[in-house]
Each structure stands twice: as structure tokens, then as C-alpha cells.
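Structure, as C-alpha cells:
The values are calculated or read from the model by the stated rules, or taken from the named source; none is laboratory data. In this text the structure is predicted, and so the values were computed from the model without any measurement. Don't worry about glycine lacking a Cβ; one is built from the backbone with ideal geometry, like all the others, and counts go over all protein chains shown.
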């Protein structure tokens with residue numbers, strides 16, 4: 001995408017829900033957010049890893065898009081280590097969808 005100012009990346013690092021958008025068809029393809037991840041941390045990174053495992057690449061639009069953040073209470077970090085392991089498994093095992101996701105709602 002030369003000249004567009006948009007760079008595509010194959011990394012789920014630094015993805016946060018506050019700066020994440022996706023097509024609904026892509027969200028359904030990966031079965032959405034992993035509902036096994038409860039509490040604070042890594043749910044956006046894990047979702048992004050599954051997008052990448054399906055060859056859906058992220059676009060970097062830093063300083064090129066408007067962002068709003070809603071104030072909210074931070075969730076418990078009690079399960080953060082488990083969440084980090086799930087992300088690592090998703091990346092290393094090339095997991096493309098989750099079992100407990102969008103289609104389970």
C-alpha cells in the first residue's frame with residue numbers, strides 16, 4: 001500500500017480494544033472474542049493473533065484516525081497469567097478460531 005500512509009503488520013502485539021476495528025465477516029470467521037478470557041488483559045491481542053493466523057493483517061493508522069475512550073472501572077488482573085498463556089498458544093500453535101466465542105452467545 002505504498003503512498004497511503006497505512007502499513008500492514010503480522011503482529012498482534014500492541015493491539016488494544018481502544019484502537020481496534022474489524023469487519024464483521026472477519027470477526028465471525030475467527031469466532032469473535034474468546035469468552036474463556038475473563039477479567040483484565042490480552043483479549044484484544046488474542047483476537048488479533050487469530051486474525052493474523054487467518055491472514056487478516058492489521059493496518060497501522062497511528063495519528064491518522066480519531067479515537068475516543070470511555071471511562072470505565074478496570075477489571076481484575078487475577079487471570080492475566082492464564083490470558084498470556086492463551087495468547088502464546090494462539091500464536092505458536094497457529095490457532096485460527098476459538099471454541100467459546102461469538103457463535104456461543
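Observations on the structure shown:
- Of all residues making up region 10-49, the number that are touching a helix residue (DSSP H, G or I) at 6+ places or on another chain (Cβ under 7 Å), at pLDDT 90 or above, surrounded by fewer than 19 Cβ atoms within 10 Å (Cβ to Cβ) and in a helix (DSSP H, G or I): 3
- In the set (1) assigned to a helix (DSSP H, G or I); (2) at positive phi, the condition left unmet by residue 52 is number (2).
- Number of residues in region 66-91 that are under 23 Å from residue 23 (Cβ atoms) and surrounded by 10 or more Cβ atoms within 10 Å (Cβ to Cβ) equals 3.
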